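Here the structure comes first, spelled out in structure tokens, and everything after it is commentary.
Nothing in this text is a laboratory measurement; each read-out follows from the coordinates by a stated rule. Nothing here was measured: the structure is a model prediction, and the numbers come from that model. A quick note on method: Cβ atoms are made from the backbone with ideal geometry, for glycine too, and the neighbour counts reach across all protein chains shown.
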Amino acid sequence: MQSIITNRLGLSVCVLATALALAACGKTEHDATAGEKLDSAVAKVEQKSEEVSKDVQQGMATASAQTGAAVDKLQAGAQDASITTQVNAELARDPELSAMKIDVDTNAGKVVLKGTAPSDAARDRAVTLAKAVSGVVDVDNQLRVGG
């Protein structure tokens, strides 16, 4: 009888030692099966895929907005250049103003005239000619009279 108690005691000590050893190694009674590990990996990949997809969509939206802004800026610049060219052509057709050096600058449809005009009438006519050009929203007349 004593040997049965000793054997049970020894067996209990062995089971306890094994349990402590496993706990010290960080082992648990239930390790994930291969299927559970695969499911977890698939879930992580799907989550990362969704995150990347959202990042790509946000990047595309940002790029689209920036492209639209760049196109708008180029169109405005082209329109301003066209206005400047047309105002210069109108000034060149005027007999009094064609001989004068008049600088024409345009920004967002606002024309600035700089230089000299031979008379007050010619100065006023330069403004009238500039305002007649399509797309002009305002004229800043900085022309000086004299020659």
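Values computed for the structure shown
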quantity	calculated
Counted charge near ILE83, where neighbours are those whose Cβ lies closer than 12 Å (Asp, Glu -1; Lys, Arg +1)	-2
Projected label distance in nm at VAL112 and ALA43, using a 7 Å step from Cα toward the beta-carbon	6.5
Note, ³J(HN,Hα) from phi for the range 72-86, Karplus 6.51, -1.76, 1.60, rounded to Hz, x at Gly and Pro	4, 5, 5, 5, 5, x, 5, 5, 4, 5, 5, 4, 4, 5, 5
Net charge of neighbours whose Cβ lies under 15 Å from the Cβ of THR128, counting Lys and Arg as +1 and Asp and Glu as -1	-3
Under 11 Å, Cβ to Cβ, from ASP138 - net charge with Lys/Arg +1 and Asp/Glu -1	+1
